[in-house]
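These notes concern the structure reproduced below.
The values are calculated or read from the model by the stated rules, or taken from the named source; none is laboratory data. Computed from a prediction, not measured in an experiment: that's the story for all the values here. Reconstructed Cβ throughout: ideal geometry from the backbone, glycine too, with neighbour counts over all protein chains shown.
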Ligand code: RP5
């Protein structure tokens, strides 16, 4: 669960509530690091004005990063990036029809001058979106940076332990 006392720094938005079961790993990653976030449903196609308003007011509301997840014709991250100076992380959601290749291409293929940092479809995509947000926030937060460094050390320790077990 989100730490209600933590300042909300990350906006997690998705094109439909049907995306949530596939992307909730984003929130889990932020929870691990105690980063505050909000979760909203809004659609680049079904509620375009809501998306525009959200993106245009994000800086004033104290957000530092927006993570935008969508599937199919996944324009949500791009539309947010068009309306804010904040870094935007795009999360392509797997689809039944085309396996998420549709989501990936429509998220990642941004025109020059409007960057979106696109994560993987499925696999570690949602978790990596959360971790990438933590890394960005770590640049101006020494405590968070120390936590992330400890997390990286932990990863290396786990792999070393697995390798050592194989050598037994
Ligand atoms: C996209 O359309 C959403 O992000 C979702 O992945 C997809 C299907 O939405 P629903 O029809 O389930 O609401 O905009």
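Within region 4-15, count every residue that is surrounded by 14 or more Cβ atoms within 10 Å (Cβ to Cβ) and either away from the ligand (no atom under 16 Å from the Cβ) or more than 21 Å from residue 57 (Cα to Cα) (or both). Selection size over region 4-15: 4.
When 158, 147 are screened for being at pLDDT 95 or above, under 25 Å from residue 24 (Cβ atoms) and surrounded by fewer than 18 Cβ atoms within 10 Å (Cβ to Cβ), only 147 passes.
The single condition among (1) crowded, with 21+ Cβ neighbours inside 10 Å; (2) within 16 Å of the ligand (Cβ to nearest atom) that residue 50 does not satisfy is (1).
Name every residue in region 16-28 that is buried (at least 24 other Cβ atoms within 10 Å of the Cβ) and farther than 22 Å from residue 79 by Cβ, in order of residue number. Matches in region 16-28: none. Filtering region 46-82 to residues that are part of a strand (DSSP E or B) and out of contact with any helix residue (DSSP H, G or I) (no Cβ under 7 Å at 6 or more places or on another chain) leaves nothing.
One residue stands out in region 83-104 among those that are in contact with a strand residue (DSSP E or B) (Cβ under 8 Å, 6 or more places away or on another chain) and either in a loop (DSSP other than H, G, I, E, B) or more than 13 Å from the ligand (Cβ to nearest atom) (or both): the one that is nearest to residue 123 (Cα to Cα), namely 94.
Residues of region 121-145 being assigned to a helix (DSSP H, G or I) and farther than 30 Å from residue 21 by Cα, which ones? Correct list: 142, 143. Select from region 16-31 the residues that are part of a helix (DSSP H, G or I) and closer than 12 Å to residue 130 by Cα and write down the one among them that is nearest to the ligand (Cβ to nearest atom). Across region 16-31, the extreme among qualifying residues is 23.
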